[in-house]
Amino acid sequence: MAALRPLEEKLEQFRLASRSCDHVFKHTLGQAQQTERQIKNEFEKLRQFLREEEEARIAAVREEEERKSQMMKEKIEQMKGDISTLSDTIKVVKDELEAEDVSFLLAYEDTMKRVWAAPQIPGKDPGALIDVCKHLSNLKYRVWEKMLGTVQYTPVTLDPNTAARSLALSDDLTRGGHGGDEVGAGQQQFPNNPERFDPYACVLGSQGYSSGRHSWEVEVGDSTNWTLGVAASSVRRKEEFSACPEEGLWTISLRDGGYWAMETPWSFIPVEKRLQRVRVELDWDGGQVTFFDPAEANSAPLYTFTHTFTEQVYPYFESTCTRRSLRILPEKVSVQVDEDSAGQDLTRSRRNSLE
């Protein structure tokens, strides 16, 4: 009956919404389990590092103990020999001194030789004790400083809740693509949540920016199709769009074998050799998004967009290449200790890794 049709349509909508909620519920459980496993794996790596570092430092103490103990044992044995020799000499000299006068005079020269040939009293050895300071001074700080050499800091990580279902991300959320390298391939069973891009193969960085200066490097390698830059938080997720400023995106792209700034119309970017990496620099307050080839030191920018930003923007990544995924490069973390009248102030600096 026609009167029931609106209710039947609404019922079908409720059923679709219920299935969608059920999908989100199951996906959330899976996300929690996977995240928990990854956290455990990462902490196990840290614990393994600490165990190995503890064993190495204890071994260093024991090695020093064995070396210095052996040195003192040898010295003690030598001193025992010297004591025995000196005791014998004293006994001989004493006997000669108690002899008749003529015998003493005849043996005087030999007696004095024995006196002057007696072992010398050994001096004290500096550094004989365990160098406790070497092993314990700022121990936790020095272990932490060494740990920095084993960990990586990535200025941008990918947000899996925004990734198109055609994309697969690495466990550490620094690599994304359609296959090859370290990521999987094929359509992912992700829920169609509001944040997720569909149908384009896009993903956003996990952190948005509404002030300041920020930069990150992306390894594109031999990927044949990619788009990089920043996107406004209001960019459309469920509709087709062009990666241009009018749509809330400031990007450059490799398409059809050429490099383009995604203006309207596209602006060709001449390059002398194929880009392997791209550095994106965002100056939100200054209203600029600039792209560089990090392989060319002190080179001119590949392209610069100028815009007055009024909302939060996110790092933007897009790729349809099935051969090579995009990878956000880590930065190397270093520690610098500055001493002043108030004590020691620790400051952290980062420089781009050239891995």
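The values are calculated or read from the model by the stated rules, or taken from the named source; none is laboratory data. In this text, all values refer to a predicted model and were calculated from it rather than measured experimentally. Backbone-built Cβ (ideal geometry, glycine too); neighbour counts: all protein chains shown. Each accessible area value is taken on the protein alone, full model and side chains, heavy atoms only, with ligands, DNA and RNA left out. Shrake-Rupley method; radii C 1.70, N 1.55, O 1.52, S 1.80 Å.
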Roll a 1.4 angstrom probe over the protein heavy atoms and tell me the percent of accessible area of region 127-266 that is carbon or sulfur.
50
Measure off 7 Å from each Cα along the Cα-to-Cβ vector at PHE268 and THR157, then give the distance between these two points in nanometres to one decimal.
4.2
Among all the lysines, which ones have a C-alpha under 29 Å from LYS73's C-alpha, if same-chain residues fewer than 8 places away are not counted?
LYS91, LYS124, LYS134
In order over region 80-88: 3J(HN,Hα) from phi, Karplus 6.51/-1.76/1.60, θ = phi - 60°, whole Hz, x for each Gly or Pro, gives 4, x, 5, 4, 5, 4, 5, 5, 5
Between GLU64 and GLN276, the two model label points (7 Å from Cα along the beta-carbon direction) sit apart by a distance in nm of 4.3
In region 51-92 the accessible area split gives carbon plus sulfur, as whole percent at 1.4 Å, a share of 57
Taking the Cβ-Cβ separation of GLU145 and ARG19 as r and a Förster radius of 51 Å, what is the calculated FRET efficiency to the nearest 0.05?
0.45
Non-local amide H neighbours of VAL333 (under 5 Å, H modeled in plane, Pro and chain starts lacking H): which ones?
TYR153
Using the Karplus curve 6.51 cos²θ - 1.76 cosθ + 1.60 with θ = phi - 60°, work out ³J(HN,Hα) for each residue of region 149-156 in order, rounded to whole Hz, and write x for Gly and Pro.
x, 9, 10, 10, 10, 10, x, 9
Got a sec? Which residues in region 210-233 would a label at ASP285 touch, if it sits 7 Å along Cα→Cβ and we count backbone N under 15 Å?
210-215
